[in-house]
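Below you'll find the structure, written out as structure tokens, and then a few comments.
Taken together, the values in this text are just the output of simple stated rules run on the coordinates, not laboratory data. All values derive from a computational prediction rather than experimental measurement. Here Cβ is always computed from backbone atoms with ideal geometry, including for glycine, and neighbour counts include all displayed protein chains.
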Amino acid sequence: MQIEVAEFGKMSQSGNSLLKLIQNNDLPILDLLVREAVQNSLDAGMKVEGHDSVHVDIGIKDVDVPGFAKHLDGITERLIEKFGDSPQKAIYIEDANTTGLTGSLDFKYSPNSNIFKLIYGISMAQETPGAGGSWGLGKTVYFRVGIGLVVYYSHILNEDGQYQHRLAVTLVENEKLPNTIIPKSNEKVPSGIAWWGQRVSPDSDDTIPITDEAMIRDILDSLSIQPFEGERLGTKIIIPFIDEQQLLIKHDINPDDNKPWESNVADYIGVAIQRWYAPRLANKKYTYGKYLDGHINGQRLEKDDFLPLFLELQMMYNAAAIGSKTSRYIVNDIQIRNYFEHNKVNNAGRVAYRKFTKKELDMLAPLNGPSPYTCVNEKNPLGEQNAPMMAYVRRPGMIINYETDGEWCKGLHATEESEYLVAIFVPNSNTKLMNPDNEVVDLEAYLRKSEMADHTSWADIIIKGKPFDIVEKIRSQVRRKIKASYENKEEVKGKQGLNTLARNVGKMLLPPTGFGRRASSRNRGGGTKPTANKSSRGNSFTIVSQKYLDTGDLEVHFQMRLSKNVSAFTIELFIASEGGKISATDWESEDSVGTPFPAKITRISFPDTVGLFGRSAAQKSNRKVLHAVRIEKISEPVECLGILVFNCTDPHVQVEMLMKPEGSVVNGQ
């Protein structure tokens, strides 16, 4: 293959500048590689029909240094001298069911082709809607993994309908360092960039990818890579002369935790794919296109191989993306006003979350698995307590980042040492903006444009001269929903003096002040010893027993005593919280949980009370949930038994049942 050395000129890039374009010092280099390489492959698979997945395989191969170096004109001896005396390895990234490096071999005739964007161009943004890349800078990470040498091989269907093998090589190095590999010319300023291929014409210095199948097979064989055969299309990127130990520099984050994946590059990459692509990896429920069929060294990554945290994240992603009801996670709609064409409750997306125990995350002996913070290479900023962990993702299925502090987590309460709050926000990518411009028409495009070149955060942008604050409103709503949910629901457990037995068997918990009694809808169990709450005027309401029916509904038996001057009464369901009871109206408010009230009355009856009660009226919430019944009473004292049946769609809440008399001075009436 013949060499083409880039000329240093006006407004041109140098190797030194390219290597600094995306110098993300927050993420390990292998994480950056996985994020970029897998996203490129997924983008390349979007328009290929006939497949429900994109095949991606990343692994390590041996390099035959003399066999490979002999093909690279101008640096053959230098490579053999530098690397020929010791075994050498290469990282490969293979994708299939993708378009491959299509376009004219001479990029001048197709400047927007895949071949130019990946091999010869820089800052060539991905323009396909729903794609992951947006800046065209991420591929510079390939040059930082090894010595800057990258081999691009692809098998495509060309413009003539013929299958064709293509291969080119690029080298990017810091031209300012001593002992560079690219040969220097006394007449030219070194650029630090070179390509290898075949000459466009005998009198030209420009090169294009080679198509000689015999030579391509020989080069691939020197890199222990098999070519594509038959009609299988795809691309293989090979990065030779890697230093595995340099790539596996141990991180000082949670150094005492068990991190077996840091022992070799292949294991690390296997965890990194889970870390960043949990929503799409082996997920046949992925709703925005093809799922990711990931492999390490040719072995498929199955869900059984997942670390527990990443499997939970995938299931939470599905719950939020699809909006399905689940008893395992809490899922809240996120609504933003004044920016979108419609004000549906989930116009901005949904957030799914849960508190996990150490046992659920396989952290206890004998497994002794890593903490969530270790799994995602994040520190726990709170020390003895556990900070919340927030992930966010858009349509391509790559997690943008994991946050344990900052704007996503501000105001969220820490959990105890034995619990971990994990959440993921999934935007409603198709929601249209009210006042779009040519590039930003929906929420997906807005978030995509808001990302930096390394795709590790969202930040609000200016459209048509007007600053938007969509991202800030999303973060605010997410924080509010999570905070309200746990303050109003789960924080009540464990703080009411319950013993373990009472929690496990689901006994009725702590009678509230006033008229009423709580019934636990979380576990199937019997009742407690009845406790009556009496007023000075002779009114009382006492839970006698409760039991679960075959339908899953909870049947509550109660005893009620009403004085003569009570003209009517209302039996109503509330959700118990540490700060007081939450009514259906308050629960469904946009400033609170914002979802349909989870407790619904299905039946109420009063045996042997003929002539004692008059008309009754069902009371429904704004979301059409029957949460209360008002009943009129004769002007005589009444003492009777009653039965109320309700179901609860949220296993995390405790339901409180109250009776409110009318016509009495009790409770301010």
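Listed values, structure above:
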| read-out | value |
| --- | --- |
| Pairs from LYS358/LYS432; LYS89/LYS303; LYS139/LYS303 whose Cα-Cα separation, in the structure shown, is over 32 Å | LYS358/LYS432 |
| Qualifying trypsin sites (Lys or Arg not before Pro) in the stretch 579-641, DSSP loop, other Cβ atoms within 10 Å at most 10 | LYS624 |
| Computed over the stretch 48-129: relative contact order in percent, which uses C-alpha pairs under 8 Å that are six or more apart | 30 |
| Extreme residue, positive dipole direction of the stretch 291-488, given options THR326, SER371, ILE336 (C-beta unit charges) | ILE336 |
| Packing-based order for 458-467, 284-293, using average beta carbon neighbours within 10 Å, highest first | 284-293, 458-467 |
| Loop-located trypsin sites (Lys or Arg not before Pro) in the stretch 223-278, at most 13 other Cβ atoms within 10 Å (DSSP) | ARG232, LYS250 |
| R0 of 30 Å, Cβ-Cβ distance ASP257-LYS483: FRET efficiency to nearest 0.05 | 0.60 |
| For peptides 399-411, 193-205, sequence by mean Cβ density within 10 Å, most packed first | 399-411, 193-205 |
| Sparsely packed GluC sites (Glu not before Pro) within the stretch 229-322, loop by DSSP, other Cβ within 10 Å at most 11 | GLU229, GLU231, GLU302 |
| Relative contact order of the chain, defined on C-alpha pairs under 8 angstrom at six or more residues apart (%) | 11 |
| In Hz, Karplus ³J(HN,Hα) per residue of the stretch 237-247 (6.51, -1.76, 1.60; θ = phi - 60°; x = Gly, Pro) | 10, 10, 10, x, 6, 8, 10, 4, 5, 5, 5 |
| Helical contribution to [θ] at 222 nm, DSSP H n ≥ 4, -39,500 (n - 2.57), averaged over the chain, rounded to 500 | -5000 deg cm²/dmol |
| Label selected from (i) 81, 57, 56; (ii) 80, 62, 52; (iii) 111, 55, 43, the criterion being Cα extents along the principal axes in Å as computed here | (iii) |
| Length added when fully stretched, ALA214-LEU157, from 0.36 nm per residue minus Cα-Cα | 18.7 nm |
| Reach of LYS355 by Cα under 20 Å, taken over lysines that are not fewer than 8 positions away in the same chain | LYS325, LYS379, LYS410, LYS481, LYS483, LYS489, LYS493, LYS495 |
